[in-house]
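Reviewing the structure listed below.
The values are calculated or read from the model by the stated rules, or taken from the named source; none is laboratory data. These numbers were taken from a predicted model, which means no experiment stands behind them. Ideal geometry is used to build each Cβ from the backbone, glycine not excepted, and the neighbour counts take in all protein chains shown.
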Amino acid sequence: MLNNAADQAKRIKEISGVDPLKCMKCGKCSASCPSFNEMDIKPHQFVSYILNEETEALVNSESLWKCLSCFACVERCPRDVKPGKLIDGARQYVVRQRGQDYLKADEIPALLDPELPQQLLVSAFRRYRR
Amino acid sequence: MSIEAKEEFRPNIVAFCCNWCSYAGADLAGSSRLAYPADVKIIRVPCSCRVNPMFILRAFEKGADGVIMCGCHPGDCHYSTGNYYARRRMTLLFSMLDYIGVEQGRTRVEWVSAAEGVKFSATMNEFVRKVRSLGKNVRLEDLRCRN
Amino acid sequence: MKYSYYPGCTLKTKAKDLDAYARSSAKALGFELEEIENWQCCGGVYPLGTDEIASKLSSVRALNEAKEKGQDMVTLCSACHHVMKRVNDDMQHVEDIRNRANNYMKLNEPYTGETTVLHFLEVLKSRIGFDKLKEKVVNPLKGRKIGAYYGCLLLRPGNLLQFDNAENPSVIEDFIRAIGAEPVIYPYRNECCGGYISLKEEKMAESMVNTIMTSASGFGAEMLITACPLCLYNLNKSDVATHLPVLYFTELLAEALGVKEEVQHAE
Amino acid sequence: MQRIGVFVCHCGSNIAATVDVKKVAEAAMMEPGVVHSDDYQYMCSEAGQARIIAAIQEKGLTGIVVCACSPRMHETTFRKAAERAGLNPYMVEIANIREHCSWIHKDLEEGTKKAVILTRAAIAKVNLNTPLKSGESRVTKRALVIGGGIAGIQTALDIADAGYEVDIVEKTPSIGGRMSQVDKTFPTLDCSACILTPKMVEAAAHDKITIYTYSEVEKVGGFVGDFTVDIRKKARSIDMDKCTGCGVCQEKCPYKKTPSEFNRGLNNRSAVYTPFAQAIPNVPVIDREHCIKFKTGKCGVCAKVCQAGAVDYEQQDEIVTEKYGAVVVATGFDTIKLDDFDEYAYSQSPDVITSLELERIMNAAGPTKGHLERISDGKAPKNMVFIQCVGSRDITCRGKSYCSKICCMYTAKHAMLIRDKYPGVNVTVFYIDVRTPGKNFDEFYRRAVEEYGVNYIKGQVGKVAPQPDGQLLVQGVDLLDNKQILVEADMVVLATAIEPDSSVRSIATMLTASIDTNNFLTEAHPKLRPVESPTAGVFLSGVCQGPKDIPETVAQAGAAAIKAVGLLAKDKLLTNPCTAKADELLCNGCSNCADVCPYGAITYEEKEVNDHGIREMRRVASVNNALCQGCGACTVTCPCGAMDLQGFSNRQLIAEVDAICR
């Protein structure tokens, strides 16, 4: 993991391909987000955390795991910032570190139910694990 | 071997800009301080249709590494139809140049309006990058002109 | 007309119905779904990272196979549709991804996004035509009030997937009309069902699903149809599902075309 | 051999900071033909010009190069200076070392190097310049105003009051435009119709103003001072001279199911209609698309009831051709389509409306007779939500990148009027920023908050979800509280972005006036010539140039009028002498040049030529200097190089190319 917060912020920007300076703080993302109430850092705040290089808080945020990648914010963002991509960049950054999987192999059996579609597991694996 | 040590190639680029749209667009890029490399030198023409293919061949002959022609957007020509003529002429010329080995990347037509300073600057930056990656043009160069 | 068909993981296991009804309906409508050989899972979610290459390769392989056969590719699952279209778009427009993927794949001829990707619904809409479909219906589902559930992956991002108006879609409603039933329009038909989050955050998914189901039911829907196995799974977990069943759209299609029985017998 | 002087301007530090002006002046002295070079703080100043004049006279200069700002700024200044010194003004060339050099480069060495090259090119060109003389052309003392909204009306009145004839062309059946649809105006809350109607009447009664309603500009030819315009007067199917405006035809018309354009489709009108009560002219139009008589041949009720016998089903479109010296574009705006913004449920619920639709609902002559009620069920609303920036400030393909400018103020106006008339209605406004620059504007907005208790929430709305009972559930965010909120509303009003009227594109093309990426017409200079198009003789009035409110529009309309009057007041105009010229000896008479000329300036004549001693009759091209605009299309088309453009000749341009590539 990169030690320097500035480097971390830079890396997350690179992975996501998002330019946080384009944001005009309109709140369209937070107004659209179905996971808003579950998030500790709200969608419209993601950009500030990157710009202010407060990456420590961002990578440890619950929001990483509450985003559904439903693209509501991506679709509606008027400034082409797309906070959903930014939070996914942060999530990628975390899961690419060894031992940072949000979903551990041994907790999976307990979560399964017979009707569970494969698609769900595949998606969850890709989102939560390296 | 170090790549960094090698001095960056600076191409010589001629830009023909029509007086009504692109030249004004270049002015706007200037007054908005939207930088692009000094490699680009602009020649003012009344309309893109004033650009004779001969001028472009002459530029390559004299050692230009890239030539770009800018005009008003289709439909917006100050003289109604000039840019349509220019577009047809350049399409023909560029495919001929490509055939004789002057890469497509060295020639370009772009429509830039008087309000598009941002586009002018971005276009020039991109074009210079492209020509830089192609290196020096030697195809049409009149060797007698070499110093 | 033959299409390359990419079924995806779930259609081979938990969502066999979605697949079987689609194939028999296709036959009844006069087109064939030719399954791509040795397809691999698309991964379920599109890798958003700009530097993700490996996770896109399985999609590129399938897309290239369709290209070599000279066929358009058809998908049924919303997630596969989403991933395939976006990877294809990357191969068309993102030079870096295109180059790196092609370097890795070492194909005879580089793949640059030539394949057209269509969702089964798009085939019905633009290739068959809903008017034509209406003519082929032998068993119109008269009087049934059906709500379309699009979910998110079928529609968004709208300008890239070009599937339908992302905020006010109409394809499934047109489909419902074509098979003789009455569409019920409700506002949450393009809101997320919770997706994979239901694995670890059951409560969260539950409240989202309830909003959707309650709204649809309130507007008078007697049934919802969807194209996505994950949506179906999540929606069916809602308490409202007891009086608002959620089905695959292909099941109703097969029923309307009079081929539902034969599929069930084959099973 | 030319004797050339080079004058390098510092432009304060604008040029001198990144270009070593002394070095440029030194380098210029090394070029062929240069006998004098100089640098000075401000060449465009009186003192700077005096230096140029002195040098021309003392050194007997035959051509000069000024290395300064863009020729679009000061070319005229320096040409005039040269003229005062007795030099032909077309012996002046400008090297643009500011906009194209010092302002975009940061490195002194690099900037200087490029400035030297640009100077070299200008010197190479001026070496080949020849003295040119402008011709003269006449000015038709009549102006055309395209668009009959408040911008067009005001411009026409101002031009007419100055004593010139003006024609207004308006595509709808009445003048009045958007302002006639507005109920009240901010920040004074005047009744819009009450202040507009007198202007409409004044324009109609003015003996210098001719109004063509239900008419469109179809073709534009000519140029500044001498435009020829075809106006299509669409068949009204009503005789304007006979009609008394009694309105019986509209009452009796059996087809009343056409959505009313004036009321934004909120109610219906008859097939024969005048858009609104105060319409000018007060003569209806038969909408042939919807009229039963035109669709089926059966009906004819209006003709039967018309006492004046004014109904004429046989009437045909008529083309009027008129000459004008100046054209003012005042085509106005429309609101954007909301198809891509359906998260606001505009197409899903009739109770989600645009602000312009609310204007009609609030208006006493509107579809609800001025009562605030829901379109769906006619119930009085208790909770209203306003959403700002719908499509404005949106850089994606869905919206418009610019701020529509008027929405913050009209939303405050609506909120205030509703709270004033219906104190029981709760009004919530979702905003990104409240922008109120303007006289008494911010005070107005604060009154809405402080005196009328309008609830302003900083944040946007993500979704408007219609509920089964017809209520609208608005899901938004309160950014200051950091909370997602749900607001129940009976009506939602969208402050929809405005865009130039769709007709502007074809009009701009006809006038060869440039247009920007958002379809707003471009000004000749964004700061110093804001009401003129770069195309000479074309002026801009109102929102066609950029978003603006009514007072700004009226101010600009006046400015456009005075510019037009300034042109019309001239007896003669000097023409551009940079015209094409054919070399009779080289011309082979092929007619290619005449084919590409957009102005019909090239004709062919049989002429006796002396080709190296051989006298013979030949068919050769001849350019009419009064018509030629100097585009140069013919010069490139000519297969034998007979055609050349004065001021931008082949030799001059090649000399520039050579100088740059040297």
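Look at segment C:127-159 and say how many of its residues are crowded, with 17+ Cβ neighbours inside 10 Å, within 14 Å of chain D (Cβ to nearest Cβ) and either polar (S, T, N, Q) or over 21 Å from C:Phe219 (Cα atoms) (or both).
Qualifying residue count, segment C:127-159: 4.
Looking at A:Tyr49 and the list (1) more than 15 Å from the chain's Cα centre (by Cα); (2) away from every other protein chain (no Cβ under 11 Å); (3) not small (Gly, Ala, Ser), which single condition is not satisfied?
It fails just one condition, (1).
Listed residues D:Ile104, D:Ile150, D:Ile97, D:Ile146; which is under 17 Å from D:Ala28 (Cα atoms) and either touching a residue at least 40 places away in the same chain (Cβ under 8 Å) or out of contact with any strand residue (DSSP E or B) (no Cβ under 8 Å at 6 or more places or on another chain) (or both)?
D:Ile97
Find the residue count for segment D:1-17, including only residues that are closer than 20 Å to D:Gln57 by Cα and not β-branched (Val, Ile, Thr).
So the answer is 6.
Can you name the residue in segment D:285-309 that is in a helix (DSSP H, G or I) and out of contact with any Asp or Glu (no Cβ under 9 Å at 6 or more places or on another chain) and is also surrounded by the fewest Cβ atoms within 10 Å (Cβ to Cβ) among such residues?
D:Thr296
Can D:Asp478 be described as surrounded by 15 or more Cβ atoms within 10 Å (Cβ to Cβ), at pLDDT 95 or above, among the acidic types (Asp, Glu) and more than 34 Å from the chain's Cα centre (by Cα)?
Working: surrounded by 15 or more Cβ atoms within 10 Å (Cβ to Cβ): yes; at pLDDT 95 or above: yes; among the acidic types (Asp, Glu): yes; more than 34 Å from the chain's Cα centre (by Cα): yes.
In short, yes.
If I ask for residues that are among the charged types (D, E, K, R) and either farther than 21 Å from D:Lys208 by Cβ or crowded, with 24+ Cβ neighbours inside 10 Å (or both), which ones from segment D:164-180 would you list?
Matches in segment D:164-180: D:Glu170, D:Lys171, D:Arg178.
Residue by residue through segment C:97-127, note down the ones that are assigned to a helix (DSSP H, G or I) and either of a type in the set (A, V, I, L, M) or without any contact (Cβ under 8 Å) to a residue 24 or more places away in the chain (or both).
Result: C:Ile97, C:Arg98, C:Asn99, C:Ala101, C:Asn102, C:Asn103, C:Met105, C:Leu121, C:Val123, C:Leu124, C:Ser126.
Here is a list: D:Val565, D:Val538, D:Val543, D:Val554. Which entry is under 22 Å from B:Cys21 (Cα atoms), modelled with pLDDT of 95 or more and more than 14 Å from every other protein chain (Cβ to nearest Cβ)?
D:Val543
Are there any pairs with C-beta distances below 9 angstrom linking a residue in segment D:466-486 that is within 13 Å of chain C (Cβ to nearest Cβ) to a residue that is among the small types (Gly, Ala, Ser) and surrounded by fewer than 17 Cβ atoms within 10 Å (Cβ to Cβ), with the two at least 6 apart or on different chains, and if so which?
Hits for this filter: D:Gln467/C:Gly218; D:Pro468/C:Gly218; D:Pro468/C:Gly220; D:Asp469/C:Gly218; D:Gly470/D:Ser376.
Sort out which residues of segment D:77-99 are among the β-branched types (Val, Ile, Thr) and within 14 Å of another protein chain (Cβ to nearest Cβ), and write them in order of number.
D:Val92, D:Ile94, D:Ile97
Collect the residues in segment D:624-662 that are more than 7 Å from chain B (Cβ to nearest Cβ), farther than 18 Å from D:Leu585 by Cα and among the hydrophobic types (A, V, I, L, M, F, W, C), keeping them in residue-number order.
Passing the criteria: D:Ala626, D:Leu627, D:Cys628, D:Ala655, D:Ala659.
Would you pick out the residues in segment D:448-465 that are outside any strand (DSSP E or B) and free of Cβ contacts under 8 Å to residues at least 40 places away in the same chain?
D:Ala448, D:Val449, D:Glu450, D:Glu451, D:Tyr452, D:Gly453, D:Gly459 - these are the residues of segment D:448-465 that are outside any strand (DSSP E or B) and free of Cβ contacts under 8 Å to residues at least 40 places away in the same chain.
Search segment C:179-205 for residues being out of contact with any helix residue (DSSP H, G or I) (no Cβ under 8 Å at 6 or more places or on another chain) and among the charged types (D, E, K, R), and hand back the single one that is farthest from A:Leu120 (Cα to Cα).
C:Lys203
Out of (1) under 30 Å from D:Thr509 (Cα atoms); (2) in contact with a Cys (Cβ under 9 Å, 6 or more places away or on another chain); (3) at pLDDT 95 or above, what's the single condition that is false for B:Ala59?
Result: B:Ala59 passes all but (1).
C:Tyr188: surrounded by fewer than 24 Cβ atoms within 10 Å (Cβ to Cβ), within 12 Å of chain A (Cβ to nearest Cβ) and at pLDDT 95 or above, yes or no?
Details: surrounded by fewer than 24 Cβ atoms within 10 Å (Cβ to Cβ): yes; within 12 Å of chain A (Cβ to nearest Cβ): yes; at pLDDT 95 or above: yes.
Spelling it out, C:Tyr188 is indeed surrounded by fewer than 24 Cβ atoms within 10 Å (Cβ to Cβ), within 12 Å of chain A (Cβ to nearest Cβ) and at pLDDT 95 or above.
Go through (1) under 13 Å from the mean Cα position of the chain (by Cα); (2) charged (D, E, K, R); (3) surrounded by 14 or more Cβ atoms within 10 Å (Cβ to Cβ) for A:Glu62 and report which single condition fails.
So the condition that A:Glu62 fails would be (3).
Return the only residue of B:Ala115, B:Ala24 being at pLDDT below 95 and not in a helix (DSSP H, G or I).
Working: B:Ala24 fails: not in a helix (DSSP H, G or I).
None of the other options fit; the residue is B:Ala115.
For D:Ala489, state whether it is farther than 20 Å from D:Val427 by Cβ and either in contact (Cβ under 8 Å) with a residue 24 or more places away in the chain or basic (Lys, Arg) (or both).
No.
Quick check on segment C:8-48: of everything there that is free of Cβ contacts under 8 Å to residues at least 12 places away in the same chain and part of a loop (DSSP other than H, G, I, E, B), which residue is surrounded by the fewest Cβ atoms within 10 Å (Cβ to Cβ)?
Result: C:Asn38.
Looking at B:Arg132, is it among the basic types (Lys, Arg), in contact (Cβ under 8 Å) with a residue 60 or more places away in the chain and assigned to a helix (DSSP H, G or I)?
When the stated conditions are applied, B:Arg132 passes them.
From the list A:Ala6, A:Ala31, which residue is over 16 Å from A:Asp80 (Cβ atoms) and surrounded by fewer than 21 Cβ atoms within 10 Å (Cβ to Cβ)?
Being over 16 Å from A:Asp80 (Cβ atoms) and surrounded by fewer than 21 Cβ atoms within 10 Å (Cβ to Cβ) holds for just one of A:Ala6, A:Ala31, which is A:Ala6.
Can you tell me which residue in segment A:14-28 is surrounded by the most Cβ atoms within 10 Å (Cβ to Cβ), limited to those that are out of contact with any Leu (no Cβ under 8 Å at 6 or more places or on another chain) and at the interface with chain D (Cβ under 9 Å from one of its Cβ atoms)?
If we take residues in segment A:14-28 being out of contact with any Leu (no Cβ under 8 Å at 6 or more places or on another chain) and at the interface with chain D (Cβ under 9 Å from one of its Cβ atoms), then A:Lys28 is surrounded by the most Cβ atoms within 10 Å (Cβ to Cβ).
Could you say which residue among C:Leu253, C:Leu235, C:Leu224 is in contact with a strand residue (DSSP E or B) (Cβ under 8 Å, 6 or more places away or on another chain), touching a residue at least 60 places away in the same chain (Cβ under 8 Å) and part of a helix (DSSP H, G or I)?
C:Leu235
If I filter segment C:195-208 for residues that are more than 29 Å from A:Lys104 (Cα to Cα), of a type in the set (A, V, I, L, M) and outside the structural domain of C:Leu11 (by TED's automatic domain parsing), do I get at least one hit? Steps first, please.
Let us first name the residues in segment C:195-208 that are more than 29 Å from A:Lys104 (Cα to Cα), namely none.
So far as segment C:195-208 goes, no, none of its residues is more than 29 Å from A:Lys104 (Cα to Cα), of a type in the set (A, V, I, L, M) and outside the structural domain of C:Leu11 (by TED's automatic domain parsing).
Are there strands (runs of 3 or more DSSP E) fully within segment D:545-662 with at least 1 residues that are more than 26 Å from D:His525 (Cα to Cα) and of a type in the set (D, E, K, R)? List them.
The qualifying strands (runs of 3 or more DSSP E) are D:580-582, D:602-611, D:614-623, D:643-645.
Any idea which residue in segment A:57-103 is farthest from D:Lys463 (Cα to Cα), counting only those that are in contact (Cβ under 8 Å) with a residue 40 or more places away in the chain and more than 10 Å from every other protein chain (Cβ to nearest Cβ)?
A:Gln97
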